[in-house]
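Here's the structure we're looking at; comments come further down.
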Amino acid sequence: MIERIFITEEASKYPYSFEICEKANIKPEIIPDEDYYRHNIENFLKDEVKEGKTHLVLTVFKGDFFRKCPGTRGKICCNYYVIDQTTNCPYDCSYCFLQSYLNFRAIRFAVNIGDLFEELDNVLKGGRFIRIGTGELSDSLALEPITGFASKLVDFFENYPNAMLELKTKSDNVYSLPDLKGRKAKVVVGWTIAPQKIIDNEEKLVASLKERLDASKHVAQKGYLVSFHLDPVIFYPDAEEMYIEMLEQVFALHEKLAWLSLAGFRYEPKLKWYVENRFEKSLLLDGEFIKCSDGKFRYFFPERVRFYKKIAEFVLEKSPRTPLYFCMEDRAVWDIVFPKDYLKEQKMGLLF
């Protein structure tokens, strides 16, 4: 998956950089800084998106690692916070916004994790509850076999039982995570999932649906909470039946989830070029879309609501204690799909 590793001169002062290279069994290339990579490596790639995903740049990040998820203007937000320690992802999915969002094509991994832990300590030592994830600008576990970063995070969160960490992934790289039984850390492993037919067409290099479900069973046995994300839902023919069948498999393994999110495919205009030119098998853009107030294109409102209602009815009946929520949808959708005062229910207090 990773073919070349570059270490900036500043990052070369950190032993962690060379530990990663040793685990990857790749001889590193020392470069002055990230600009050198951009001008002397990235500029000469034939397919900068695809090839960039095989390059790992170990660097030192000088900004803030921790921030609140920005959400989307006019949509209900679930009070999620994110850690931006890694950007970009070795997986290659047609719908991924990173294709048109990032201006640095390699996977950037900050090795100064001591600075991250110091920043988190200042935030978390106050004792208030915070739900935090690492999977917004990358996959939380894609690089775990060579970085061990998620395991280091889990150990760090042992000292902050007031916080809840979510590791979100499309991989099955969970088997090296530490056992949580009897420990104080509250950690959720979350999977973005889709029916296998959609995975085959729209996602490359990822674990299969079965591999993700098997991994979810494994971490549950080790004391982790489990979540799933139907994000983005893609309206293939027979999508409702495919997603319900998939959720049957989920709830056959887990009576209750930490949470389950639901979001229809949406995209900014710049993403369309990447889908059309990089994914020949994709059916992603075959649906009908309308431009919404936030500038993103979404499936027509009645289509989204019809699909969401079917999914919500199934989940609320199958696992009534599982918090089900929308990502990036406005209140009108919530009011139509969910029972009155749904957001005030006790199970939703963790999220809202």
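The values are calculated or read from the model by the stated rules, or taken from the named source; none is laboratory data. No experiment lies behind these values; they were computed from the predicted model shown. Here the Cβ is made from the backbone with ideal geometry for all residues, glycine too, and neighbour counts use every protein chain on show.
The figures follow:
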quantity: Some residue of segment 177-200 being in contact with a Lys or Arg (Cβ under 6 Å, 6 or more places away or on another chain), within 30 Å of PHE297 (Cβ to Cβ), part of a strand (DSSP E or B) and not hydroxyl-bearing (Ser, Thr, Tyr); calculated: yes
quantity: From LEU324, LEU350, LEU316, residue being surrounded by 12 or more Cβ atoms within 10 Å (Cβ to Cβ), in contact (Cβ under 8 Å) with a residue 24 or more places away in the chain and out of contact with any helix residue (DSSP H, G or I) (no Cβ under 7 Å at 6 or more places or on another chain); calculated: LEU350
quantity: Test: residue in segment 232-244 that is modelled with pLDDT of 95 or more, under 18 Å from GLU136 (Cα atoms), in contact with a strand residue (DSSP E or B) (Cβ under 8 Å, 6 or more places away or on another chain) and not in a strand (DSSP E or B); calculated: no
quantity: Subset of segment 143-170 (residues that are of a type in the set (Gly, Ala, Ser) and either over 28 Å from HIS55 (Cα atoms) or in contact (Cβ under 8 Å) with a residue 60 or more places away in the chain (or both)); calculated: GLY148, ALA163
quantity: SER140 of a type in the set (Gly, Ala, Ser), surrounded by fewer than 20 Cβ atoms within 10 Å (Cβ to Cβ) and touching a helix residue (DSSP H, G or I) at 6+ places or on another chain (Cβ under 8 Å); calculated: no
quantity: When residues of segment 99-121 are limited to those that are without any contact (Cβ under 8 Å) to a residue 40 or more places away in the chain and of a type in the set (A, V, I, L, M, F, W, C), the one surrounded by the most Cβ atoms within 10 Å (Cβ to Cβ); calculated: LEU102
